[in-house]
Amino acid sequence: MIDYDEPDAGTLIRAAETLRDGDLVIGPTETRYGLMARADSKDAVSKAFELKRRSLDSATAVFIRDYADAGDLCATTGLADSLARAFMPGPLTLVLSAGDHLSRPIAVDGKVGIRVSSSPFVSGLMEQVDFAVTATSANISGGEDCDTIEEIRAGFADRVALYVDCGPLSGPPSTVVDCTGSRAVVLREGTISREMIQETLAGVEEV
């Protein structure tokens with residue numbers, strides 16, 4: 001088991017190597033445990049979606065190291081910039097227009113969701129790799145959320161190469177905001193409230 005606030009370097013290196021090999025990692029985000037695969041590998045992403053029993057027509061957000069790296073995946077906007085300054089790193093997913101090089105399920109309908117995590121494990125992991133990483137919950141799609149590694153392992157077993165345990169996690173999900181249009185649209189209210197989004201964008205546009 002790792003310390004949530006100070007994950008050891010050895011675990012971060014091992015997790016990065018596991019992802020580079022195209023295998024799956026379960027690790028702690030700032031909300032719940034996430035199922036992680038390298039997002040630039042169709043085989044790895046397909047493996048994660050098959051494990052979750054999730055349709056490839058359903059999008060998944062991705063972790064990136066820093067909001068400054070978003071331009072490699074999508075077209076940023078002034079609305080997104082304002083929210084990123086206020087809440088990133090943190091439990092916020094920004095939906096933006098995807099680059100032409102992205103395909104399903106990373107990009108769906110020309111859009112991609114990006115996250116910059118405040119989780120010490122995820123942020124430390126992203127410093128170790130040069131690719132985006134899937135940001136999807138570690139549970140069967142449509143099923144109940146899992147709070148512990150034991151619950152997750154019971155469903156996924158050895159189909160996940162590495163489980164990183166920091167104890168129970170049961171926080172609300174990230175807030176998802178679509179910033180592809182002239183107005184920001186809150187698609188899912190999570191840790192960051194709709195009111196907080198509205199206050200941040202007050203005077204810029206209506207949410």
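The values are calculated or read from the model by the stated rules, or taken from the named source; none is laboratory data. Because the structure is predicted, anything quoted here is derived from the model rather than measured. Virtual Cβ from ideal backbone geometry, glycine too; neighbours counted across all protein chains shown.
The residues listed here are Leu79, Leu96, Leu56, Leu102; of these, the one that is in contact (Cβ under 8 Å) with a residue 12 or more places away in the chain, in a loop (DSSP other than H, G, I, E, B) and more than 22 Å from Ala138 (Cα to Cα) is Leu102. One residue stands out in segment 24-56 among those that are within 17 Å of the chain's Cα centre (by Cα) and of a type in the set (Asp, Glu): the one that is nearest to Gly110 (Cα to Cα), namely Asp40. Total residues in segment 1-44 satisfying the condition of being in contact with a helix residue (DSSP H, G or I) (Cβ under 7 Å, 6 or more places away or on another chain) and either of a type in the set (S, T, N, Q) or buried (at least 20 other Cβ atoms within 10 Å of the Cβ) (or both): the figure is 16. When segment 114-130 is filtered for residues that are more than 18 Å from Leu162 (Cα to Cα) and not charged (D, E, K, R), the ones remaining, listed by number, are Ile114, Val116, Ser117, Ser118. When segment 45-66 is filtered for residues that are surrounded by fewer than 21 Cβ atoms within 10 Å (Cβ to Cβ) and within 21 Å of Glu189 (Cα to Cα), the ones remaining, listed by number, are Ser58, Ala59.
Selection of strands (runs of 3 or more DSSP E) fully inside segment 107-207 by the criterion of at least 2 residues being free of Cβ contacts under 8 Å to residues at least 24 places away in the same chain returns 185-188.
Does Ala86 satisfy the condition of being among the small types (Gly, Ala, Ser), out of contact with any strand residue (DSSP E or B) (no Cβ under 8 Å at 6 or more places or on another chain), within 20 Å of Val185 (Cα to Cα) and in a helix (DSSP H, G or I)? When the stated conditions are applied, Ala86 passes them.
Against the definition (in contact with a Cys (Cβ under 7 Å, 6 or more places away or on another chain), at pLDDT 95 or above and closer than 25 Å to Thr180 by Cα), how does Val45 come out, yes or no? The answer is no for Val45. Residue-level check: of (1) surrounded by 16 or more Cβ atoms within 10 Å (Cβ to Cβ); (2) within 24 Å of Asp3 (Cα to Cα), Pro168 misses just (1). Each residue in segment 161-178 was checked for being over 17 Å from the mean Cα position of the chain (by Cα) and not acidic (Asp, Glu), and 5 pass. Among the residues of segment 1-47, those that are assigned to a loop (DSSP other than H, G, I, E, B) and β-branched (Val, Ile, Thr) comprise Ile2, Thr29, Thr31. Here are Leu92, Leu79: which of them is buried (at least 18 other Cβ atoms within 10 Å of the Cβ), closer than 16 Å to Arg65 by Cβ and touching a helix residue (DSSP H, G or I) at 6+ places or on another chain (Cβ under 8 Å)? Step by step, each of Leu92, Leu79 is checked, and only Leu92 is buried (at least 18 other Cβ atoms within 10 Å of the Cβ), closer than 16 Å to Arg65 by Cβ and touching a helix residue (DSSP H, G or I) at 6+ places or on another chain (Cβ under 8 Å).
A quick yes/no check of all residues on (1) under 24 Å from Arg38 (Cα atoms); (2) loosely packed, with under 14 Cβ neighbours inside 10 Å; (3) of a type in the set (D, E, K, R); (4) touching a strand residue (DSSP E or B) at 6+ places or on another chain (Cβ under 7 Å):
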{"residue": "Gly155", "(1), (2), (3), (4)": "yes, no, no, no"}
{"residue": "Val164", "(1), (2), (3), (4)": "yes, no, no, yes"}
{"residue": "Val176", "(1), (2), (3), (4)": "yes, no, no, yes"}
{"residue": "Gly181", "(1), (2), (3), (4)": "no, yes, no, no"}
{"residue": "Ala184", "(1), (2), (3), (4)": "no, no, no, yes"}
{"residue": "Leu187", "(1), (2), (3), (4)": "no, yes, no, yes"}
{"residue": "Ser193", "(1), (2), (3), (4)": "no, yes, no, no"}
